[in-house]
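A short write-up of the structure that comes next.
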Amino acid sequence: MKHITIILFTLLAITSCKQTQQIADAIATPTAKTVFERTFENDSLFQLYEQQYTEAKHNKLYIETPSLIHSKTNVSKLNILAYTVNLEQGERLKITSDIHTDSLQLVMDVYAYKSDSLISTKPEASNVIASNTLEYNVPTNGLYKIVILPYAARSSNFSITLNTAPTLAFPVSGKDNTAIQSFWGATRSGGKRSHEGIDIFAKRGTPVIAATEGYITNTGNRGLGGKQVWLRDGIFGASLYYAHLDSIAISRGHKVHVGDTLGFVGNTGNAKTTSPHLHFGIYTSNGAINPLPFVKLTEDVEYTETDFSEFNEAETRLQKNELRISPNVKAEKITDLNIKTPVELLGKSQRWFHIRVNDSLEGFMHESLIQN
């Protein structure tokens with residue numbers, strides 16, 4: 001009877017823990033990584049996972065955005081995809097997949113480099129359970145590490161897109177990147193100063209619009225900027241500077257929404273000898289920053305079908321086969337692999353395979369160097 005009582009109390013405790021966890025998850029949606037790590041039944045398997053995750057996180061692979069990566073799950077081992085990307089303040093990193101979580105749950109994490117070799121311990125951003133997308137507003141220029149882990153009970157093909165988008169709306173109505181003809185850092189006044197913004201050219205009178213929701217903190221006609229508007233992004237946010245306006249359509253103290261007209265393109269101030277354009281700048285407590293990543297428009301990556309079911313293990317084709325850190329013939333070479341070296345295919349970007357050799361060495365190899 002005593003043994004039965006102990007068993008009953010144990011079952012009740014387990015049930016209670018599960019119910020408590022379910023309640024906690026309902027209140028605060030856990031990350032996909034957190035839920036995945038709960039699936040391990042013993043410490044040895046968890047330690048193996050941590051080791052493989054850490055090795056992938058610190059690999060030397062680099063990829064540019066936008067990129068489309070094809071891959072597949074491997075039920076016998078963890079196929080962890082990890083890539084370093086270079087991002088700029090003002091961009092929004094977007095990681096998406098073509099596969100729904102009903103078929104395959106992906107773990108997505110973004111880490112920041114603290115130095116050339118030191119990566120943050122905790123992720124800057126993670127996807128939540130029941131979602132195979134992740135968006136992250138980049139706070140500072142630098143290198144970031146993207147780690148993606150699929151987990152499933154069966155083999156599945158899937159694709160991932162890595163792309164960026166602007167965090168602000170384009171500030172001149174009806175225009176796009178092609179209208180930007182003068183960029184951050186260009187010399188001014190014979191080299192005495194540099195350009196602290198971008199110039200967006202358009203016909204006189206073209207509406208200049210609010211790139212974000214905020215408050216108008218100042219307007220006027222003065223100095224080099226001529227007719228100008230200052231828009232504060234929130235109470236403690238950055239200040240957006242609109243200069244050389246032909247006329248101003250807003251007054252100080254007004255709250256504005258994205259797309260509201262602030263004024264119209266002109267060439268007042270020190271722009272009298274140039275064609276009508278908007279000088280657009282962004283200022284923080286640390287001074288001016290490059291506004292281009294905040295407004296530069298990008299195109300979505302289109303998914304293309306690739307069947308990875310025919311691929312698993314393969315081998316190198318030539319006497320010398322170059323393994324590189326990035327899917328680019330000009331990328332740094334890691335090493336040369338001999339002919340018929342067994343390789344494991346983890347993914348593919350354009351015509352480049354992401355491969356693993358001897359369960360540890362990873363890199364990109366052109367498809368022409370690999371055979372089944």
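The values are calculated or read from the model by the stated rules, or taken from the named source; none is laboratory data. Predicted, not measured: the structure shown is a model, and the values here were computed from it. Here the Cβ positions follow ideal geometry from the backbone for every residue, glycine too, while neighbour counts run over all protein chains shown. Quick note on the areas: whole protein, heavy atoms, side chains included, nothing else; ligands and nucleic acids left out. Shrake-Rupley method; radii C 1.70, N 1.55, O 1.52, S 1.80 Å.
Cβ-Cβ distance of ASN270 and THR140, R₀ of 35 Å, FRET efficiency by 1/(1 + (r/R0)^6): the value works out to about 0.65.
Using only side-chain charges placed at the Cβ, +1 for Lys and Arg and -1 for Asp and Glu, the dipole size of region 154-259 relative to its Cα centre rounds to 200 debye. Modelled this way, with points 7 Å down the Cα-to-C-beta line, the labels at THR54 and SER251 are 6.4 nm from one another. Taking the alpha carbon gyration tensor of region 252-372, multiplying each eigenvalue by 5 and rooting it gives semi-axes of 52, 17, 14 Å, largest first.
Rounded to the nearest 20 debye, the dipole magnitude of region 39-83 is 220 debye, with +1 charges on Lys and Arg beta carbons, -1 on Asp and Glu beta carbons, and the Cα centre as origin. When ARG222, ARG154 are compared by accessible area at a 1.4 angstrom probe, the order from most to least is ARG154, ARG222.
With the simple spin-label model, which puts each label point 7 Å out from Cα in the Cβ direction, the SER76 to THR101 separation comes to 3.1 nm. Spread over its residues, the convex hull of the C-alpha atoms of the chain is 194 Å³ per residue. Taken along the Cα-to-beta-carbon direction at a fixed 7 Å, the label points for GLU313 and SER368 span 2.8 nm.
Considering the chain as a Gaussian network with a 10 Å cut-off on Cα pairs, which listed residue, ALA82, ALA56, ALA169, attains the greatest mean-square fluctuation? With Cα springs under 10 Å in the chain, the top fluctuation among ALA82, ALA56, ALA169 is at ALA169.
Can you pick out the pairs among LYS72/LYS296; LYS94/LYS114; LYS145/LYS255; LYS94/LYS348; LYS72/LYS340 whose Cα atoms lie more than 28 Å from each other? The pairs that break the limit, which is 28 Å between Cα atoms, are LYS72/LYS296; LYS145/LYS255.
In region 66-172 the Cα-Cα distances spread across 5 Å bins starting at 0 as 2, 12, 23, 23, 17, 12, 7, 3, 1, 0, 0 percent of all pairs. Placing +1 on each Lys and Arg Cβ and -1 on each Asp and Glu Cβ, with no other charges, gives the chain a dipole about its Cα centre of roughly 1320 debye. Using the Cβ-Cβ distance between LEU361 and ALA152 with R0 set to 35 Å, the FRET efficiency from 1/(1 + (r/R0)^6) comes to roughly 0.85.
Positive-end ranking of PRO342, ALA238, ILE248 along the dipole of the chain, with charges on Cβ about the Cα centre, is headed by ILE248.
Backbone amide hydrogens, once placed in the peptide plane, bring ASN74 within less than 5 Å of ASN79, excluding anything fewer than 5 places away on its chain.
Ellipticity at 222 nm from helices only: DSSP H runs of n ≥ 4 in the chain, each -39500 (n - 2.57), divided by the residue count, give -4500 deg cm²/dmol. So for region 140-235, Kirkwood radius off the Cα pairs, Stokes-Einstein at 4 °C and 1.567 mPa s: how many µm² s⁻¹? The diffusion coefficient I find is 72 µm²/s.
Rolling a 1.4 Å probe over the protein heavy atoms of region 231-372, with every protein chain left in place, gives an accessible area that is 46 percent carbon and sulfur.
Solvent-accessible surface of protein heavy atoms, probed at 1.4 angstrom with all chains present, puts ASP199, ASP176, ASP300 in the order ASP300, ASP176, ASP199, largest first. In this structure, the amide hydrogen of ILE209, modeled 1.01 Å from its nitrogen in the peptide plane, lies closer than 5 angstrom to those of VAL172, SER173, LEU262, counting only residues at least 5 positions away or on a different chain.
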